[in-house]
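Participant: Following this message is one structure expressed as structure tokens.
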Amino acid sequence: MNLSESSVRSSDSPALQCDVSQLKIGFIGAGNMAFGIAQGIIASGKVPPSNITISAPSMNNLPRFQERGVSITHANDEVVDRSRLVFLAVKPHLVPKVLNGISGNVTQEHIIVSMAAGITLETLEELLPAGTRVIRIMPNLPCMLLEGALLLACGSCAGQEEETLLKALLGPCGLVEAGPEHWIDAHVGLSGSGVAFVYVFAEALADGAVKMGMPSALARRIAAQTILGAGVLLRDSGKFPAELKAEVCTPGGTTIHGIHALEKGGFRAATMGAVEAATERARELGKK
Ligand SMILES: NC(=O)C1=CN([C@@H]2O[C@H](COP(=O)(O)OP(=O)(O)OC[C@H]3O[C@@H](n4cnc5c(N)ncnc54)[C@H](OP(=O)(O)O)[C@@H]3O)[C@@H](O)[C@H]2O)C=CC1
Ligand SMILES: O=C(O)[C@@H]1CCC=N1
């Protein structure tokens, strides 16, 4: 069965016994992550926006979905009733309350996909009816521009077909990888939170240029383009970061002097520590 032809079928998975173009998709929570993922699904062209329903308590975020042809509601249970694949896109502390509110509407037909940092598959499965197919995904903010990095992990009742379906749907959001659940917390540190670490670096890079006399707006634009170009080259060249770094470092030149300053400031240790701290915090959030 060729997914690129928008068709995923299975003999024993009810939610997959349909053409993906007919799949009804729901979002509970309408913030940035829901927006990024919905954009990716719509961009894939596999699912029409009219097949998507989204809920949030206020109208703060819903209009941008409505403008794209997505159905909106304030009732989470309506999303569940109208959808077979439901993304849970609320903040982690709200997950138990939201799942308590919808679990009576969840059937074996549904696939529930949580993006809440730290909330484990075990907790999700406990809060939902026995046998519910549950998947965790961890996106990051650039999903909004279809340049995200997502990692997914399947619960005890979900498997290869659900994974294949999600990879096909979410492909346009960016890089989509699957792995065991214990990688998810590390992915939060590396990528979910890592995006903000890069922004701190961007700010510092620009501030350095301001210190050296450059106007700050220009310094910010150049910092952003520098990080973008370096990232694309790293992603597309297939080279290790160390190889690319060596290509920039002229012996006795400017870059190696700058790198020495970074090393004296503990840049690598600080960066590794940031990933570790964010990962540990995600693990902590997951403790009951
Ligand atoms: N932000 C990030 O970079 C990343 C976030 N995540 C995870 O994604 C999830 C969503 O984060 P994010 O999009 O940033 O959050 P936002 O704060 O942007 O959005 C949260 C949404 O949840 C809605 N909401 C609040 N209460 C309820 C409720 N009871 N029922 C239904 N919807 C409700 C809010 O409604 P309203 O519109 O009315 O305010 C809002 O639309 C979190 O669990 C987070 O851990 C994962 C990776 C990266
Ligand atoms: O800071 C947070 O908790 C969320 C999860 C990853 C990015 N933002």
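The values are calculated or read from the model by the stated rules, or taken from the named source; none is laboratory data. Everything numeric in this text was worked out from a predicted model, so none of it was measured. Glycine gets a Cβ as well: all are built from the backbone with ideal geometry, and neighbour counts include every protein chain shown.
Per-residue answers, yes or no, for (1) surrounded by fewer than 22 Cβ atoms within 10 Å (Cβ to Cβ); (2) more than 15 Å from ligand 1 (Cβ to nearest atom); (3) hydroxyl-bearing (Ser, Thr, Tyr):
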residue	(1), (2), (3)
Lys24	yes, yes, no
Lys46	no, yes, no
Asn61	yes, no, no
Arg64	yes, no, no
Gly104	yes, yes, no
Glu109	yes, yes, no
Ile112	no, no, no
Leu121	yes, no, no
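Participant: Separate question: Those residues that are within 15 Å of ligand 2 (Cβ to nearest atom) and either closer than 16 Å to Gly36 by Cα or polar (S, T, N, Q) (or both), I need them from the range 175-205; list them, please. If you could, list the steps in order and put the result at the bottom.
Facilitator: So the first thing to find is which residues in the range 175-205 are within 15 Å of ligand 2 (Cβ to nearest atom), and the list is 183-200.
Across the range 175-205, the qualifying residues are Ser191, Gly192, Ser193, Val195.
Participant: Could we say that Gly208 is within 23 Å of Gly273 (Cα to Cα), under 25 Å from the mean Cα position of the chain (by Cα) and either within 16 Å of ligand 1 (Cβ to nearest atom) or not in a loop (DSSP other than H, G, I, E, B) (or both) here?
Facilitator: When the stated conditions are applied, Gly208 does not pass them.
Participant: Looking only at the range 55-77, which residues are out of contact with any Ser or Thr (no Cβ under 7 Å at 6 or more places or on another chain) and under 9 Å from Gly26 (Cβ atoms)?
Facilitator: Hits for the range 55-77: nothing passes.
Residue by residue, here is whether (1) surrounded by fewer than 12 Cβ atoms within 10 Å (Cβ to Cβ); (2) among the β-branched types (Val, Ile, Thr); (3) within 22 Å of Arg268 (Cβ to Cβ) holds:
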site	(1), (2), (3)
Phe201	no, no, yes
Leu205	no, no, yes
Gly208	no, no, yes
Met212	yes, no, no
Ala217	yes, no, no
Arg220	no, no, no
Ala223	no, no, yes
Gly231	no, no, yes
Glu243	yes, no, yes
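Participant: Pairs please, first residue from the range 99-122 and not assigned by TED's automatic domain parsing to the domain that holds Glu161, second anywhere and away from ligand 1 (no atom under 13 Å from the Cβ) and among the polar types (S, T, N, Q), Cβ atoms under 7 Å, 6+ apart in sequence or on different chains.
Facilitator: As it stands, the answer is none, since no pair meets every condition given.
Participant: State all residues of the range 17-34 that are within 16 Å of ligand 2 (Cβ to nearest atom) and touching a strand residue (DSSP E or B) at 6+ places or on another chain (Cβ under 9 Å); if no residue qualifies, say none.
Facilitator: Gly29, Met33, Ala34, listed by residue number.
Participant: Would you mind listing the helices (runs of 4 or more DSSP H) fully within the range 211-287 where at least 3 residues are within 16 Å of ligand 2 (Cβ to nearest atom)? Steps first, please.
Facilitator: Working: elements: 216-237, 241-248, 254-264, 267-286.
Of the helices (runs of 4 or more DSSP H) lying wholly inside the range 211-287, those with at least 3 residues that are within 16 Å of ligand 2 (Cβ to nearest atom) span 267-286.
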